[in-house]
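The numbers here are math on the coordinates, done by the rules we state, and not lab data. Model, not experiment: these values are computed from the prediction. Cβ: placed from backbone, ideal geometry, glycine included. Neighbour counts: every protein chain shown.
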Amino acid sequence: MKDDRNSPFRDAHIDRRTARQVPDTPQTRSDSYKLAFDDFDFMCRDELRPVRLQLELLKPQLMLDEHGINSTVVLFGGARVPSPEGKESAKTKTLAELSKYYEEARKLAFMITEESLKSGGGENVICTGGGPGVMEAGNRGAAEAGGLTVGLNIVLPHEQAPNPYVTPELCFNFHYFAIRKMHFLMRANAICVFPGGFGTLDEMFEALTLIQTGRMKRVPFLLFGCEFWCNIINWEALAEAGTISREDLALFRYVETAEEAFDAMHNWDGAGTKRAHIPGR
C-alpha cells in the first residue's frame with residue numbers, strides 16, 4: 001500500500017525492519033524487547049481481545065474502501081449444496097435436488113454484477129461466505145461476469161481453502177463470527193438466502209431480526225425455495241402465536257429463479273427505510 005502520509009516521523013514499517021537487525025544479545029532475544037505491534041504472542045493475549053476485534057473490523061473495511069466497494073448484495077446458502085455437474089455425489093436425494101439453486105445463485109450473481117459494471121462496478125458487489133456450495137456459485141457468477149466479488153471466510157476446525165472464484169484481494173479470513181456478520185450486513189443493499197443448514201439459518205435470522213427491530217434499513221430480502229423454507233420453518237405458527245407480527249411476514253419474499261429475484265430487487269417496497277416501531281408490541 002502506498003504511504004502518502006505527510007509526517008516527519010519514521011513509519012512503523014521502517015522501525016519493524018530496523019528492530020530485526022540489532023545485535024543478538026540476551027536483551028534483544030527477550031520477548032519484552034519486541035515491538036508491541038510486531039509481537040504475535042503479545043497480540044494473542046486475552047487482554048488484547050478488544051484490540052483484535054477492532055483490527056478484524058478495520059482491515060476488511062479499509063481494503064473494501066480501497067477497492068471502491070460501496071455496497072454489496074449478500075448471498076447466504078449451504079456449503080453442501082452441490083453444483084449440477086456434481087449432484088451425483090450428493091449425500092442425500094434432497095441435496096441433489098437442491099443443486100438447481102447453485103445454478104440460480106450463479107445466474108443471479110452474473111446478472112447483478114453485469115448491471116453493476118455498467119455503473120462502475122462499485123455498487124451491489126456480490127458478497128458470500130467464501131466457501132463451497134451456494135457461496136461458490138455466487139462468487140463464480142460474479143467472476144464470470146468480469147466483476148469483483150467478496151468472500152468472508154472464517155477459521156473452522158475443518159478448515160477449507162476459499163473457493164477459487166473470490167477476488168484474491170477481497171478474500172478475507174475471520175476469527176470472530178460477530179465481526180464477520182457485521183461485514184456481511186454493513187454494506188448490504190439486498191440479502192438472498194438459499195437453502196442451507198445451521199450457518200445459513202443463523203445468518204438469516206440475525207439479519208431478519210435487525211430489520212424487524214429497526215436496527216437495520218429494510219432491503220430486499222429473498223428466500224430461494226418456498227417448499228424448502230416452509231418445510232423447516234412454520235412462519236404462520238409464529239404469527240398465529242403472536243411471537244411475531246403478521247406484518248413481519250412481509251419483511252421477506254419467496255423466489256425460485258434468478259430472474260424473479262432480480263425483478264424483486266428492483267421493485268421492493270420500503271427499501272432503505274427503518275421501522276420506527278415493532279408491530280404487535
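Would you work out the charge dipole size for the chain about its Cα centre, treating the Cβ of every Lys and Arg as +1 and the Cβ of every Asp and Glu as -1, and quote it to the nearest 20 debye?
Working: 32 positive and 39 negative charges, 128 e Å.
That gives the chain a dipole magnitude of about 620 debye.
Hand me the trypsin sites (Lys or Arg not before Pro) from the range 200-242 located in a DSSP loop with no more than 11 other Cβ atoms within 10 Å, in residue order please.
Numbers: sites: Arg215, Lys217, Arg218; in loops: Arg215, Lys217, Arg218.
Those satisfying the criteria are Arg215.
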Item to check | Normalised contact order of the range 101-166, rounded percent, pairs of Cα under 8 Å and 6 or more residues apart | outcome: 35
Checklist entry - How much length, in nm to one decimal, is gained on full extension between Glu247 and Lys59, taken as 0.36 nm per residue of separation minus their Cα-Cα distance? => result 63.9 nm
Next on the checklist: Can you give me the distance in nm between label points at Glu256 and Asn173, each placed 7 Å from the Cα along the Cα-to-Cβ direction?
Outcome noted: 4.2
Checklist outcome for this item: Stretched fully, the stretch from Ser119 through Ser71 gains (0.36 nm per residue minus C-alpha distance, one decimal, in nm) 16.0 nm
Checklist outcome for this item: Non-local residues with an amide H under 5 Å from the amide H of Val73, with H modelled 1.01 Å from N and Pro and chain starts lacking one, are Val125, Ile126, Cys127, Asn189
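I want to verify the translational diffusion coefficient of the chain in µm²/s; compute it with Stokes-Einstein, Rh as the Kirkwood radius over Cα pairs, at 25 °C and 0.890 mPa s. Mind showing how you got there, number by number?
Values: Rh = 20.9 Å.
In µm²/s, the coefficient rounds to 117.
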Checklist outcome for this item: Dividing the helical contributions, -39500 (n - 2.57) per DSSP H run of n ≥ 4, by the residues of the chain yields a 222 nm value, nearest 500 deg cm²/dmol, of -12500 deg cm²/dmol
Checklist entry - Expressed as a rounded percentage, what relative contact order does the chain have, with Cα pairs under 8 Å and six or more residues apart? => result 17
Item to check | Label-to-label distance, nm, for residues given as Arg17 and Asp41 (7 Å Cα→Cβ offset) | outcome: 2.7
Checklist entry - How much length is gained if the chain between Cys226 and Thr94 is pulled fully straight, taking 0.36 nm per residue apart and subtracting their Cα-Cα distance, in nm to one decimal? => result 46.1 nm
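Report the local net charge at Asn189: Lys and Arg +1, Asp and Glu -1, summed over other residues whose C-beta lies under 14 Å from its C-beta.
Working: positive: Arg187, Lys217, Arg218; negative: Glu115, Glu123.
Here the count lands on +1.
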Checklist outcome for this item: Number of Lys pairs in the chain closer than 27 Å at Cα, excluding neighbours under 8 places apart unless interchain, is 18
